[in-house]
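Bear in mind that the values in this text are calculations on the coordinates, not laboratory data. These numbers were taken from a predicted model, which means no experiment stands behind them. Please note: Cβ atoms are built from the backbone with ideal geometry, for glycine as well, and neighbour counts cover all protein chains shown.
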Amino acid sequence: MSNFAQKHFQGQIYTFEHLNKFTFEVALNVGDELKKIQICITFGCHCFTEEFDPSVHKEEHRYKHKNEERAFDLLRYECSKHLPTVINSLLSGTIYRSDRSYTYVAQIFIPSLSGSQPYSIFFSLEKIRPSNDLVLDMYIKSAYLSPLKSGKHAENWRFKGLIGEIAGLF
């Protein structure tokens, strides 16, 4: 079962099983030792919604999740179906840091737009469990079609290097 309530929109029902929480394991070489880190991924509703604007959106766009009221966006929903695959590609990718969030940009194919598009995901990555656990929580805050947006002095890392740093291994 999804963490998000299904959405009735324009005569169709949209479900969010593709945004269920999942975990994957990353193996890192630390000296002569192989360390395995669990990454627990959860998603926010900003991956398939946008800010509700009553001058643009109708009542059927309204989507409520926890304490937020947003507007269901069909294109963001279509793009969000790519998130599990994009997250797997992140393992060999470069991420950028801005403030307390990280950004990764992938190329995804969107049939309704007839081609490949830059898709930015914005996430946090934290170690919030006891220090002896090699478990990190990754929260996908938002994701939408957009090229990379980073400041002049944005830091970048290989994703595996960032995992090692946050896990306290490097």
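Below, the figures for the structure above:
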{"read-out": "Residue in the stretch 112-124 that is farther than 30 Å from residue 70 by Cβ and buried (at least 16 other Cβ atoms within 10 Å of the Cβ) present", "value": "no"}
{"read-out": "Lone unmet requirement of (1) within 28 Å of residue 31 (Cβ to Cβ); (2) part of a loop (DSSP other than H, G, I, E, B) for residue 95", "value": "(2)"}
{"read-out": "Whichever residue in the stretch 14-50 is assigned to a strand (DSSP E or B) and out of contact with any strand residue (DSSP E or B) (no Cβ under 7 Å at 6 or more places or on another chain) and, among such residues, is farthest from residue 138 (Cα to Cα)", "value": "33"}
{"read-out": "Those residues of the stretch 46-104 which are in contact with a His (Cβ under 8 Å, 6 or more places away or on another chain) and farther than 25 Å from residue 114 by Cβ, in sequence order", "value": "52, 60, 70"}
{"read-out": "Top-ranked residue of the stretch 24-45 - restricted to ones that are among the aliphatic types (A, V, I, L, M) and surrounded by 15 or more Cβ atoms within 10 Å (Cβ to Cβ), ranked as farthest from residue 128 (Cα to Cα)", "value": "28"}
{"read-out": "Residue in the stretch 51-70 that is in contact (Cβ under 8 Å) with a residue 24 or more places away in the chain, crowded, with 16+ Cβ neighbours inside 10 Å, assigned to a loop (DSSP other than H, G, I, E, B) and not acidic (Asp, Glu) present", "value": "no"}
{"read-out": "Residue 148 being in a loop (DSSP other than H, G, I, E, B), touching a Pro at 6+ places or on another chain (Cβ under 8 Å) and of a type in the set (A, V, I, L, M, F, W, C)", "value": "yes"}
